[in-house]
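The block underneath contains the structure these notes are about, expressed in structure tokens.
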């Protein structure tokens with residue numbers, strides 16, 4: 001009841017804080033969780049193992065794509081139904097999401113195990129990196145269902161305002177990973193395979209916790225197959241609503257793959273430098289994305305309840321918050337970029353290249369939140385087409401062609417600046433889409 005009251009009445013800033021802060025903290029913890037693998041792998045002193053993590057990262061993008069498609073689409077549907085007082089529908093939607101995640105996990109696992117070698121070659125693994133990439137990939141694929149479920153359920157919990165439950169589960173998984181990383185990677189000398197197994201076990205513990213929450217505390221969520229069977233066709237609309245997030249993540253994975261293919265032409269050092277630079281620049285983007293995603297349920301709930309005055313205020317204040325944070329965090333990362341890069345790289349020339357990459361990539365940090373905000377807003381009010389258009393711009397329609405064009409024109413420097421070009425044009429188009437679509441929306 002307390003969670004529902006926060007969503008529908010009282011201070012808007014308090015409501016945003018209650019949804020955004022836990023989501024932001026979760027994302028910060030996940031960033032450290034993600035960075036921890038590379039940090040401890042870097043302690044081995046082998047740039048090829050650092051590069052292997054980057055090569056396999058598109059597989060994580062695929063897992064995240066499906067999880068976000070189910071989690072965000074389901075969260076919007078559940079929050080809207082919950083706002084309308086239709087708890088049974090909410091349980092149907094949540095059960096559908098959970099069981100669809102299990103099925104998708106099995107399909108992806110079989111595909112990757114059958115085509116491991118050609119997949120790694122496609123992802124950009126050269127002869128120096130190939131064996132390490134395989135060692136890192138196998139444990140991840142064997143535990144894929146736990147990755148999928150932990151990410152999906154954490155998003156679904158936001159639909160009823162249970163952000164803290166998602167936070168706690170995420171902390172359980174992250175702390176497990178952080179404790180096991182040095183033990184597996186350095187203590188047992190498992191290298192990249194140790195990092196992968198630590199991640200798998202972290203997600204196992206998180207899923208166990210989420211299952212307990214759903215069984216004992218949740219009013220709107222269920223993983224009972226009986227609920228899913230009541231309206232199987234509803235999964236279509238859930239997937240449609242979550243499609244923008246899924247396509248954005250898939251395109252991000254493909255863009256990373258194409259980028260790695262181009263970077264591999266400039267040697268393993270270029271791959272390792274971009275891998276480290278990506279860890280630095282992901283801080284700003286991931287943080288503002290988490291805030292927008294965390295508040296989607298808040299927007300969807302008030303849209304479902306037709307509380308339009310509160311809905312307008314939420315969007316205005318959320319926009320101010322996203323801009324302020326993206327600017328502040330971007331400046332902070334720019335200030336300490338070399339210190340961050342040195343945590344992953346140890347050779348002077350590779351550190352210099354990585355630092356230069358970060359300097360370029362952070363140029364557009366103040367505008368990185370525009371796309372996330374506009375896409376999340378349209379998704380929350382059940383407008384998947386506009387959300388999809390905005391989502392696919394930066395990582396797909398704009399970035400992938402820019403990578404190849406600028407590589408041809410400016411070599412390695414062009415690959416780096418392609419991200420900046422895509423960010424700028426992506427933000428401009430997102431604003432145009434919002435401006436054009438606002439007359440047909442509840443907010444003008």
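Numerical summary
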item	result
Hits in the range 337-350 (condition: without any contact (Cβ under 8 Å) to a residue 60 or more places away in the chain and touching a helix residue (DSSP H, G or I) at 6+ places or on another chain (Cβ under 9 Å))	337, 338, 342
Output for the range 87-119, where each listed residue is farther than 30 Å from residue 185 by Cα and buried (at least 18 other Cβ atoms within 10 Å of the Cβ)	89, 90, 91, 92, 93, 94, 95, 96, 97, 98, 99, 100
Options 122, 167; residue that is within 18 Å of the chain's Cα centre (by Cα) and either more than 16 Å from residue 69 (Cβ to Cβ) or surrounded by fewer than 23 Cβ atoms within 10 Å (Cβ to Cβ) (or both)	167
Verdict on residue 137 being closer than 30 Å to residue 40 by Cα, surrounded by fewer than 22 Cβ atoms within 10 Å (Cβ to Cβ), touching a residue at least 24 places away in the same chain (Cβ under 8 Å) and out of contact with any strand residue (DSSP E or B) (no Cβ under 7 Å at 6 or more places or on another chain)	no
Answer residue from the range 125-134, given it is in a loop (DSSP other than H, G, I, E, B) and surrounded by 23 or more Cβ atoms within 10 Å (Cβ to Cβ) and is farthest from the chain's Cα centre (by Cα) among those	129
Some residue of the range 291-305 being in a loop (DSSP other than H, G, I, E, B), more than 24 Å from the chain's Cα centre (by Cα) and modelled with pLDDT under 85	yes
Which numbered condition residue 424 fails, given (1) assigned to a helix (DSSP H, G or I); (2) buried (at least 16 other Cβ atoms within 10 Å of the Cβ); (3) within 21 Å of the chain's Cα centre (by Cα)	(2)
From the options 102, 50, residue that is farther than 20 Å from residue 160 by Cα, part of a helix (DSSP H, G or I), within 21 Å of the chain's Cα centre (by Cα) and modelled with pLDDT of 85 or more	102
Residue 377 out of contact with any helix residue (DSSP H, G or I) (no Cβ under 7 Å at 6 or more places or on another chain), touching a residue at least 60 places away in the same chain (Cβ under 8 Å) and assigned to a helix (DSSP H, G or I)	no
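A quick yes/no check of all residues on (1) under 27 Å from residue 238 (Cα atoms); (2) surrounded by 20 or more Cβ atoms within 10 Å (Cβ to Cβ):
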{"site": "378", "(1), (2)": "yes, yes"}
{"site": "381", "(1), (2)": "yes, yes"}
{"site": "420", "(1), (2)": "no, no"}
{"site": "429", "(1), (2)": "yes, no"}
{"site": "434", "(1), (2)": "yes, no"}
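The values are calculated or read from the model by the stated rules, or taken from the named source; none is laboratory data. These figures come from a predicted structure and were not determined experimentally. Note that we place each Cβ from the backbone using ideal geometry, even for glycine, and neighbour counts take in every protein chain shown.
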